[in-house]
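**Student:** Got a structure for you, questions after.
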Amino acid sequence: MLTVDLNCKSRIPGRETAKELRKKELVPCVFYAKGKENINFSVPAKDLRPVVYTAHKPVVRLFVDGATEPLEAIVKDITFDPVTEKIVHIDFLGLLPNHPVTVELPVILKGTAIGTRMGGKLTQVVHKIKLTTTPDKLASAIEIDITKLDIGQQIQIKDIVQEGWKFGLPPSALICSVKQTRASESK
């Protein structure tokens, strides 16, 4: 599981405060978790790069005002400025032990399919999958080995075997397949 540590400073909630923070290259954020009070804080924009601009979905350990015990969370929502594409705001969802959390994880295909070496074309249909699990079974991505995938074969949701994961897609949903191309037909 990919983990990123962030040092944060608490902030006063409000639109004017958020504007002032953004002028100083800080991003206003909120941490919320079931049964806990919301925590408003800010983080330097440059520190958020490994959290936002990655193919994986990391667990973020938030150290607010130099706390020794971090708040573990995942990014629930990011708001970008429509013109500058700078990060405007981030919502962090707190992870509580044994409390299920619903996340959308990226699907990463690993390896080179046998079928593509024989002229077939690999098509990835699903790039993100929503699933529900407990924090101890959470992963930063769904990695699928496709090295044995031949022409005419496919991988569906039912082919992903991971204890404690409940997918938001039906078991027959297609993730990827290798299709025959005209070039491979002539071989």
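The values are calculated or read from the model by the stated rules, or taken from the named source; none is laboratory data. Quantities reported herein were computed from a predicted structural model and do not represent experimental measurements. No Cβ is skipped: glycine too gets one built from the backbone with ideal geometry, and neighbour counts run over all protein chains shown. Side chains included, ligands, DNA and RNA excluded: accessible areas come from the protein's heavy atoms. Shrake-Rupley method; radii C 1.70, N 1.55, O 1.52, S 1.80 Å.
**Student:** Any idea which residue in segment 14-40 is least open to solvent (accessible area, probe 1.4 Å), counting only those that are modelled with pLDDT of 90 or more and on the phi > 0 side of the Ramachandran plot?
**Tutor:** Top of the filtered list is 14.
**Student:** On the given criteria, is residue 152 in a loop (DSSP other than H, G, I, E, B), modelled with pLDDT under 95 and within 21 Å of the chain's Cα centre (by Cα)?
**Tutor:** When the stated conditions are applied, residue 152 does not pass them.
**Student:** Let me confirm something: among 93, 131, which residue is touching a residue at least 40 places away in the same chain (Cβ under 8 Å), in a strand (DSSP E or B), within 19 Å of residue 165 (Cα to Cα) and open to solvent by less than 40 Å² (accessible area, probe 1.4 Å)?
**Tutor:** 93
**Student:** Answer with yes or no whether residue 140 is free of Cβ contacts under 8 Å to residues at least 60 places away in the same chain and among the hydroxyl-bearing types (Ser, Thr, Tyr).
**Tutor:** no
Residues are listed down the side, and each one gets a yes or a no for (1) in a loop (DSSP other than H, G, I, E, B); (2) out of contact with any His (no Cβ under 6 Å at 6 or more places or on another chain); (3) under 20 Å from residue 81 (Cβ atoms); (4) not polar (S, T, N, Q):
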| residue | (1), (2), (3), (4) |
| --- | --- |
| 8 | no, yes, no, yes |
| 22 | no, yes, yes, yes |
| 34 | yes, yes, no, yes |
| 51 | no, yes, yes, yes |
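**Student:** Taking only segment 107-128 into account, find how many residues are in contact with a helix residue (DSSP H, G or I) (Cβ under 9 Å, 6 or more places away or on another chain) and open to solvent by 70 Å² or more (accessible area, probe 1.4 Å).
**Tutor:** 2
**Student:** Could you identify the single residue in 52, 83, 60, 103 that is among the β-branched types (Val, Ile, Thr) and touching a Phe, Trp or Tyr at 6+ places or on another chain (Cβ under 7 Å)?
**Tutor:** 60
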